[in-house]
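Notes to accompany the following structure.
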Amino acid sequence: MLHFSKIFLCSLSCLAFSVLASCQSGSSKQIPETKPNIILIYTDDVGYGDISAYGGKIPTPNIEKLAQNGLMFTNAYATAATCTPSRYSLLTGEYAWRAKGRGVAPGDASALIRPGVETLPLVLQRSGYRTAVVGKWHLGLGGEEGPDWNGELKPGPLEIGFDYSFIIPATGDRVPTVFVENHRVVGLDPHDPIEVSYRKKVGDRPTGKDNPEQLQMMWSHGHDQTIVNGVSRIGYMAGGEAALWRDEDFAQTFVDKATEFVTVESEQPFFLYFSTHDIHVPRIAHERFQGATEFGPRGDVIVQLDWTVGELMKLLKEKGLEENTIVIFTSDNGPVWDDGYVDQAKELIGSHDASGGLRGGKYSAFEAGTRVPFIVHWPKRIQGGKNQRALFSQVDLLASFAAANQVSYDSTQAIDSQDHWHTLIGKSEQGRHSLVQEALFSNLAYVRADGYKLIPGNEGPQIVPWGTEIETGFAKADQLFDLNADPHEKTDLSAAKPEILQEMKDELIGIMIQ
Ligand code: NG6
Ligand code: CA
């Protein structure tokens, strides 16, 4: 009995990070192996087919190298077809739709994840990691009264598990157009305070509506308010002149901040949540990438994104960290073409299929809304060149990393997160039984590992109700698809397979009332 439990404990440890180097020999002497660093590259609006490893026509050699030397998932999902809810779930392990107010956040939203809530960075801090977020945030800042742009911006990332934070508060298309480092706006002149309103014009900066001749990129829908750097945004902003960003510099700035964080001498391993602005609108690549492709600005920011990944990998190599760093590359939701600016994304798309043969796109309940590229690169433990077909959700990262580190987490809060650590690193082909997808207006869909997919009937519009021309997948009646036989979701089987339809509706309700 004693013998058995010893072996059991040993094999458990061997599977987790804190490997007992002596496991193979059967000795009980514990020699902890260095924990891997973790970089989670969370891209914005990158579709299932947008990168060359998944069939994209725009060259992305650095990301392709990650796939070739890592594990490429073909059934991994963001939890939602828009940014804020996907990020909420990724960081908390809870589906965002379980409470109201977690849809796409305005640029002046209060913090959506409040101190006291279980989070992925807290799990990793507890496991001995130093943690940082660099890039797009879009989860609100500040208490009930909203963000104080001229004072301390908290609660924010530092209050929920990050040791360091350098962020775009919302997205590039929303005011205020300034970076925030830890609790403060970067470079703010106290004599020129920032004022932000999402209701009425403030200050005397021109707007895209009244002064389109001042724009470097014309708006198509929404996005016609305050102009900064020749781009009109959602929302009005006055003041903060010295702190304004230049969209062209996002990628370089984030690489620089990541480099500073990674370069800190420390005994601790690091977790870097690196959340790119690319390829969200406004798609304004640095001058050196403008015109890099024949696909227009959308193609150029994909190339810029690939450059970013290349820079991060170069950094790891230079520091001798490549071997034992887990790099995860994924996206917050599916592809979109015209998302508010006239950048010819659709007109110049050519043979590039951003949704990789899936139906729909960003906002959609169809597969392209949430099925995303997902690559795990970890030379020390993952042999390259394999595909992972198991069903996986980004909401599972929290429980999976808790398991890998053998630390506990609050499963009453991170209620939807499941431990699929072995699936994540390719040691198992067993994934989830099922997952829930959140589309526009919090409408849900439900996918099972056996390939069946339910889109419950709802009153939503069939096409996204602003100029994107994306099919939502919504219909008044329930729809049932078999993704194995019909990956493009063309044939509704709800009438042909009423038992499966009912079973799935019951399962979904069961998950919703948990
Ligand atoms: C929409 C915006 C879109 C984009 C999106 C959020 C309009 C008409 N559309 O409301 O441009 O900002 O919100 O994108 O304003 S996300 O990837 O951050 O969720
Ligand atoms: Ca997004």
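Evaluation of Lys453 against the conditions (1) more than 16 Å from ligand 2 (Cβ to nearest atom); (2) surrounded by fewer than 21 Cβ atoms within 10 Å (Cβ to Cβ) shows that the sole unmet condition is (2). For segment 39-57, residues that are closer than 16 Å to Gly357 by Cβ and not aromatic (Phe, Trp, Tyr) total 10. Filtering segment 202-228 to residues that are without any contact (Cβ under 8 Å) to a residue 60 or more places away in the chain and assigned to a loop (DSSP other than H, G, I, E, B) leaves Val202, Gly203, Asp204, Arg205, Pro206, Gly208, Lys209, Asp210, Asn211, Leu215, Asp224, Gln225. Just to be sure, is Ile382 in a strand (DSSP E or B), touching a strand residue (DSSP E or B) at 6+ places or on another chain (Cβ under 8 Å) and under 21 Å from Asn37 (Cβ atoms)? In short, no.
The number of residues in segment 465-490 being touching a strand residue (DSSP E or B) at 6+ places or on another chain (Cβ under 7 Å) and among the polar types (S, T, N, Q) comes to 2. Has segment 277-289 got at least one residue that is touching a Leu at 6+ places or on another chain (Cβ under 9 Å) and part of a helix (DSSP H, G or I)? Scanning segment 277-289, I find no residue that is touching a Leu at 6+ places or on another chain (Cβ under 9 Å) and part of a helix (DSSP H, G or I), so the answer is no. Which one is nearest to ligand 1 (Cβ to nearest atom) among residues in segment 307-338 that are outside any loop (DSSP other than H, G, I, E, B) and small (Gly, Ala, Ser)? Step by step, filter segment 307-338, then rank; the result is Ser331. The number of residues in segment 42-68 being more than 16 Å from ligand 1 (Cβ to nearest atom) and within 12 Å of Phe329 (Cβ to Cβ) comes to 10. Annotation: Phe179 fulfils all but one of (1) of a type outside the set (Gly, Ala, Ser); (2) surrounded by fewer than 21 Cβ atoms within 10 Å (Cβ to Cβ); (3) more than 23 Å from Gly103 (Cβ to Cβ); the unmet one is (2). The listed residues are Leu305, Leu272, and the only one of them that is under 20 Å from Leu66 (Cβ atoms) and either within 16 Å of ligand 2 (Cβ to nearest atom) or among the small types (Gly, Ala, Ser) (or both) turns out to be Leu305.
Look at segment 339-357 and say how many of its residues are away from ligand 1 (no atom under 11 Å from the Cβ) and more than 25 Å from Phe73 (Cβ to Cβ). Before you say what the answer is, go through the steps one by one.
Initially, segment 339-357 is screened for residues away from ligand 1 (no atom under 11 Å from the Cβ), giving 342-357.
From what is left, the residues that are more than 25 Å from Phe73 (Cβ to Cβ) are 342-348, 350.
The number of residues fulfilling the criteria is 8.
Here Leu480 clears all of (1) part of a loop (DSSP other than H, G, I, E, B); (2) touching a residue at least 12 places away in the same chain (Cβ under 8 Å) except the condition numbered (1). Restricting attention to segment 456-471, the residues that are within 15 Å of ligand 1 (Cβ to nearest atom), surrounded by fewer than 14 Cβ atoms within 10 Å (Cβ to Cβ) and over 18 Å from Trp219 (Cα atoms) add up to 1.
Whether any residue in segment 349-358 is outside any loop (DSSP other than H, G, I, E, B) and under 20 Å from Tyr446 (Cα atoms) is what I want to check. No - not one qualifying residue is present in segment 349-358. On the basis of being surrounded by fewer than 24 Cβ atoms within 10 Å (Cβ to Cβ), closer than 23 Å to Asp189 by Cα and touching a residue at least 24 places away in the same chain (Cβ under 8 Å), does Glu144 make the cut? Judged against the criteria, Glu144 is not a match. Within segment 379-395, residues that are in contact (Cβ under 8 Å) with a residue 24 or more places away in the chain reach partners that are part of a strand (DSSP E or B) and among the basic types (Lys, Arg) with beta carbons closer than 9 Å, at six or more positions or on different chains, in the pairs Leu391/Arg448.
The single residue among Leu493, Leu508 that is in contact with a Pro (Cβ under 9 Å, 6 or more places away or on another chain) and either part of a loop (DSSP other than H, G, I, E, B) or under 20 Å from Leu435 (Cβ atoms) (or both) turns out to be Leu508.
Taken together, Asp148, Asp50 contain a single residue that is modelled with pLDDT of 95 or more, part of a loop (DSSP other than H, G, I, E, B), out of contact with any Pro (no Cβ under 9 Å at 6 or more places or on another chain) and of a type in the set (Asp, Glu), which is Asp148. For segment 385-410, filtering for residues that are polar (S, T, N, Q) and part of a helix (DSSP H, G or I) leaves 3. Scanning segment 150-183 for residues that are touching a His at 6+ places or on another chain (Cβ under 8 Å) and more than 16 Å from ligand 2 (Cβ to nearest atom) turns up Glu152, Leu153, Lys154, Gly156, Leu158.
Filtering Val262, Val196, Val186 for residues that are touching a Leu at 6+ places or on another chain (Cβ under 8 Å), hydrophobic (A, V, I, L, M, F, W, C) and either surrounded by 22 or more Cβ atoms within 10 Å (Cβ to Cβ) or under 30 Å from Glu318 (Cα atoms) (or both) leaves a single hit, Val262.
Gln413 versus (1) over 26 Å from Thr92 (Cα atoms); (2) surrounded by fewer than 24 Cβ atoms within 10 Å (Cβ to Cβ): which is the lone unmet condition? Only one criterion in (1) over 26 Å from Thr92 (Cα atoms); (2) surrounded by fewer than 24 Cβ atoms within 10 Å (Cβ to Cβ) is unmet by Gln413, namely (1).
The values are calculated or read from the model by the stated rules, or taken from the named source; none is laboratory data. A quick note: this is a predicted structure, and the numbers were derived from the prediction, not measured. Positions of Cβ are backbone-derived with ideal geometry, glycine not excepted, and every protein chain shown enters the neighbour counts.
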